[in-house]
Amino acid sequence: MKKVNLLLCSIFLLIMSCSDETTVFSDFQDDIQLEGNEQILDNSVSFDYAGVLEIAEEVNISGKQASASKVDEAGDYPLTLIAQIDPPSYSGGEDLTASHVHVDGDYAYVSYNTVEDDYAGGIDIIDVSDPTDPKVTSRLYYVNADLNAIEYSDGYIYAVGGVDSEKSVTATSNSFVAKIPASGGRMYTNAGIDYGFQEGYNSTDIEVTSNTVVVSSGGDGTVTIYNKSDLSILNEAPFQDLRSVKMDNGQFAVLDAGSGVSILDDNLNVIKEIPINTDFGAATKRTLAFKDGKVIVSEGSIGAGLYNVASGSLIEYLPVLIDPSATSTEGSETNAVALNEEMILMANGGSGLCLSEDNGDDADLYGVIQLEGSINYVESKDDYIFAASGKSGLQIIKLNRTSESLSTRCSSLSTYSGSSDLNVRLGEDKGYSGSKRFANIEVAGTLLLCGSWTVNNGVDVYSDALFEMYGTLVVGRNNKRKDVVVDEGATFIVEGNLTIYGDLILNDGAKLEFIGNDSVVNIFGSVVKNGTVNVSGNYDDVRNKF
């Protein structure tokens, strides 16, 4: 966000109609352009660092580990990086960074802005229906405006940002909201884009309901309720410096950098206040999240504050956790928070993406997910995390939660706990359920794994051994490839999703069997068959390696 004016309305040469509240631009202009080159969209998706993600756990970072043996235990949260999306880039907009993400159905909608003095932005639609192969399906360039937040609803993208009202003959104020037609993963501009304006340096956040669009703006701005159909203003209320607006139990809540959190009724009257004296910083991204009677506030350098909504009292602070292996911690501050079931995710700038666990009454720091780049924003829904990481782009992370529809054979298995090096010796018969991060798996006997598992290094199934896997197994990382080796006479049975960032090596006499009708195998290296091997069953070979 910038506390200076931006340029939008004056860049349009042909204007169909303008009013003090809503402006409709009907013609496609060079300054707002849809990307028509499919190759550029395809090349925006990178798998260079895809694969198993490690987590620097808080107990190790802080030195609170009780014993050396616990350091080698298998970890929770077997996360994988699916892909990275490079930010849009064009002449005058070479330094865009993702500012906000909204997920709806099979698509993620991403807004971009720039921290430079020049003003540029963009919007991406990303198809995430296939977790092995996300695609950028549509991209819109805003040459002379930043976009700070975005939401999709009922066939339209609603994006908010800033305009330069001093240079525009049509904009009545600096903050704007745009309504862009979109369907099936595509944006359409031929029918025009609707714009509404409100007071304030910059529109900062947005919430869309069934009939209204609610927008916050910072720097002597307002919280404004627009009619969803035509963006005419229905109601507005002034605030000092709004950074975020959210819905909670049918009521609006706003974060004002000058005072704290305010709960508003339908008429935008303040019915409850939670005073916060934190220095939120000038023109910075800060967000709110609500869960089970708590509001979680991103508070910059001091981390995330958890408050009781009913009483307004502070429950605790979750501080910015510093990973000692990080090469740079510049800009270490909590910019945004997101929730997904028990997880609290903190976008901590140069200190990365922090994961904490909500225990009901309070929360505990768990660790730092080891991603590249400075994490400026985070959104999470269903089995995915979307982390905006500056020039490193948007990072799509899969949680790999255990499916509830696994084979009944899994129901009687004990949950795995123990070493991160899982070693099943000759003559042993082991079976586990759960969701863990391993360093290695070695099978000389019989092993059944039911759940979701990642392996940072390799998997070896030794001669005449049996390894059965139901669920999800991900091995290696694309920039640190590791192999799965099935030796002579060994059998590897898969029902579910197998991803290998490396080679699948089947030695003479090895057997690979896919059971069921929905198994998926995604191999980034090669399938190496050393002699006569047996591959059977129905499976989707994502990269055609068989």
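The values are calculated or read from the model by the stated rules, or taken from the named source; none is laboratory data. Everything numeric here is computed off the predicted structure, so don't read it as measured data. Cβ sites come from the backbone with ideal geometry, for glycine too, and all protein chains shown count toward neighbours.
Results, tabulated for the structure shown:
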read-out	value
Some residue of the range 495-515 being within 24 Å of D540 (Cβ to Cβ), hydrophobic (A, V, I, L, M, F, W, C), touching a residue at least 60 places away in the same chain (Cβ under 8 Å) and not in a loop (DSSP other than H, G, I, E, B)	no
Members of the range 294-327 found to be part of a loop (DSSP other than H, G, I, E, B), under 23 Å from the mean Cα position of the chain (by Cα) and not aliphatic (A, V, I, L, M), listed by number	E299, S301, G303, P319, D323, S325, T327
Boolean, E372 is among the acidic types (D, E), in contact (Cβ under 8 Å) with a residue 24 or more places away in the chain, assigned by TED's automatic domain parsing to the domain that holds A388 and within 18 Å of I302 (Cα to Cα)	no
Failed criterion for S262 (all others in (1) part of a loop (DSSP other than H, G, I, E, B); (2) over 29 Å from G367 (Cβ atoms); (3) polar (S, T, N, Q) hold)	(1)
Residue tally, condition more than 28 Å from the chain's Cα centre (by Cα), closer than 22 Å to G51 by Cβ and surrounded by 18 or more Cβ atoms within 10 Å (Cβ to Cβ), over the range 417-441	2
Failed criterion for N211 (all others in (1) buried (at least 20 other Cβ atoms within 10 Å of the Cβ); (2) out of contact with any Asp or Glu (no Cβ under 7 Å at 6 or more places or on another chain); (3) among the polar types (S, T, N, Q) hold)	(1)
Any strands (runs of 3 or more DSSP E) falling wholly within the range 1-107 and containing at least 2 residues that are at pLDDT below 90 and either of a type in the set (A, V, I, L, M, F, W, C) or under 27 Å from the mean Cα position of the chain (by Cα) (or both)	22-25, 32-34, 97-104
Subset of the range 280-299 [of a type in the set (G, A, S) and crowded, with 23+ Cβ neighbours inside 10 Å]	S298
Candidate set from the range 83-96 (those that are touching a residue at least 60 places away in the same chain (Cβ under 8 Å) and crowded, with 22+ Cβ neighbours inside 10 Å); member that is farthest from V128 (Cα to Cα)	P87
K545 vs. criteria buried (at least 19 other Cβ atoms within 10 Å of the Cβ), of a type in the set (K, R) and part of a loop (DSSP other than H, G, I, E, B)	no
Given (1) over 30 Å from I55 (Cβ atoms); (2) surrounded by 16 or more Cβ atoms within 10 Å (Cβ to Cβ); (3) modelled with pLDDT under 95, index of the condition V245 fails	(3)
Output for the range 419-463, where each listed residue is hydroxyl-bearing (S, T, Y), without any contact (Cβ under 8 Å) to a residue 40 or more places away in the chain and not in a strand (DSSP E or B)	Y462, S463
Qualifying residue in the range 312-324 (condition: in contact with a Leu (Cβ under 7 Å, 6 or more places away or on another chain), within 25 Å of L399 (Cβ to Cβ) and buried (at least 22 other Cβ atoms within 10 Å of the Cβ))	yes
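Yes/no matrix, rows are residues, columns are (1) in contact with a Gly (Cβ under 9 Å, 6 or more places away or on another chain); (2) basic (K, R); (3) under 28 Å from E73 (Cβ atoms):
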position: G509; (1), (2), (3): yes, no, no
position: E513; (1), (2), (3): yes, no, no
position: K529; (1), (2), (3): no, yes, no
position: V535; (1), (2), (3): no, no, no
position: N544; (1), (2), (3): no, no, no
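This table checks each residue for (1) among the hydrophobic types (A, V, I, L, M, F, W, C); (2) surrounded by fewer than 20 Cβ atoms within 10 Å (Cβ to Cβ); (3) closer than 24 Å to I385 by Cβ.
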residue	(1), (2), (3)
V115	yes, yes, yes
G122	no, no, yes
I126	yes, no, yes
P134	no, no, yes
S138	no, no, yes
Y141	no, no, no
Y152	no, no, yes
G155	no, yes, no
Y158	no, no, yes
